Amino acid sequence: MFEFHKDRKRYFDIQVANANGYVIPFIERSFAIQPGMRVLEIGCGEGGVLKAFIDKGCVGVGVEFDESRIRNAEEWLAEDIQQGKIRFVTKDIYKADVNTDLQGAFDIIVLKDVIEHIHDQSRLIAWMKTFLREGGVIFFGFPPWQMPFGGHQQIIWTKWLSKIPYFHLLPRPVYKAILKKFTPNWEEMVEIYDTRISIEKFERIAQQTGYEIADKLHYFINPIYQWKFGLKPRVQNRFISSIPWFRNFVTTCVFYLIRVK
């Protein structure tokens, strides 16, 4: 596992910087973020992305299933919590009630590196309409499944195996057998295999569940790689980005902003 993923405070700080430098500017290309807007992040981790929004005057609510990450958030964002700028809900999003648990609808919903871990993605994306205020938007940022490390190899506990690009594209039985032999967290990796998502699949789900794409941006080099590997972010070539299927293999990150039709 990369040290990047072990140091949770460093990861929190990077998420704040990445949201300020890339996520928020992308959203504001087509949706003006105003003080007082309510922002929900699903799978918020320690709340680094939400921190960037509340620093702009928004009110944040984070939903996270992992209690250890919420404990970190409560430590690192104690002052903001005390001031009522942000609150956290430790719950499975499918079991959260928009009124009782989340205290009302939202102007912006954020899923950053989350949708590729969700089972029944169509159900969640369709259901999120009930979380949105009129005119609200949903942001998605995710790695296409077929990209070099789309299987999240970086979290494989066996170091040499975590560095093999495209390894996750093996047939499921072969992939599972190798994982079971060489890494203790093989079940987590197989689950990611089963919840994978591509650019085409995401766009199809958005259309079928009653949304329109307000904006999109594909990256050849994921913005977060500047902290992770020292690489300069690079937007994907427009021609390559327009080629279905192939684009997934050479696009390390995509941003989408959708709204109800």
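The values are calculated or read from the model by the stated rules, or taken from the named source; none is laboratory data. Quick caveat, the model's predicted, so the values are computed rather than measured. As a convention, Cβ positions derive from the backbone with ideal geometry for all residues, glycine included, and neighbour counts pool all protein chains shown.
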Condition check for residue 204: surrounded by 14 or more Cβ atoms within 10 Å (Cβ to Cβ), closer than 23 Å to residue 242 by Cα and modelled with pLDDT of 95 or more: no
Residue check: is residue 209 at pLDDT 95 or above, among the polar types (S, T, N, Q) and either closer than 17 Å to residue 119 by Cβ or surrounded by 15 or more Cβ atoms within 10 Å (Cβ to Cβ) (or both)? yes
Go through 89, 110 for me and flag whichever is closer than 18 Å to residue 136 by Cβ and of a type outside the set (Ser, Thr, Tyr). 110
Scanning the stretch 185-203 for residues that are part of a helix (DSSP H, G or I) and touching a Pro at 6+ places or on another chain (Cβ under 7 Å), which turns out farthest from residue 146 (Cα to Cα)? 200
Within the stretch 210-237, can you find the residues that are in contact (Cβ under 8 Å) with a residue 24 or more places away in the chain and among the small types (Gly, Ala, Ser)? 210, 214
Which residues, taken from the stretch 176-190, are in contact (Cβ under 8 Å) with a residue 24 or more places away in the chain and within 24 Å of the chain's Cα centre (by Cα)? 185, 188, 189
Residues 36, 60, 47: which one is under 15 Å from the mean Cα position of the chain (by Cα) and either modelled with pLDDT under 95 or under 24 Å from residue 131 (Cα atoms) (or both)? 47
Residue check for residue 26: among the hydrophobic types (A, V, I, L, M, F, W, C), in contact (Cβ under 8 Å) with a residue 24 or more places away in the chain and farther than 24 Å from residue 84 by Cα: yes
Tabulated pairs, the stretch 49-66, first within 13 Å of residue 112 (Cα to Cα) and outside the structural domain of residue 140 (by TED's automatic domain parsing), second buried (at least 17 other Cβ atoms within 10 Å of the Cβ) and among the β-branched types (Val, Ile, Thr), C-beta under 6 angstrom, 6+ apart or interchain: none
I'm trying to understand the selection: among the residues of the stretch 86-120, which are over 23 Å from residue 72 (Cβ atoms), surrounded by fewer than 18 Cβ atoms within 10 Å (Cβ to Cβ) and either touching a residue at least 60 places away in the same chain (Cβ under 8 Å) or in contact with a helix residue (DSSP H, G or I) (Cβ under 8 Å, 6 or more places away or on another chain) (or both)? 94, 98, 104, 105, 119
Would you mention how many residues in the stretch 19-40 are within 22 Å of residue 225 (Cα to Cα) and touching a helix residue (DSSP H, G or I) at 6+ places or on another chain (Cβ under 8 Å)? 4
Can you name the residue in the stretch 139-184 that is polar (S, T, N, Q) and outside any loop (DSSP other than H, G, I, E, B) and, of all such residues, is surrounded by the most Cβ atoms within 10 Å (Cβ to Cβ)? 153
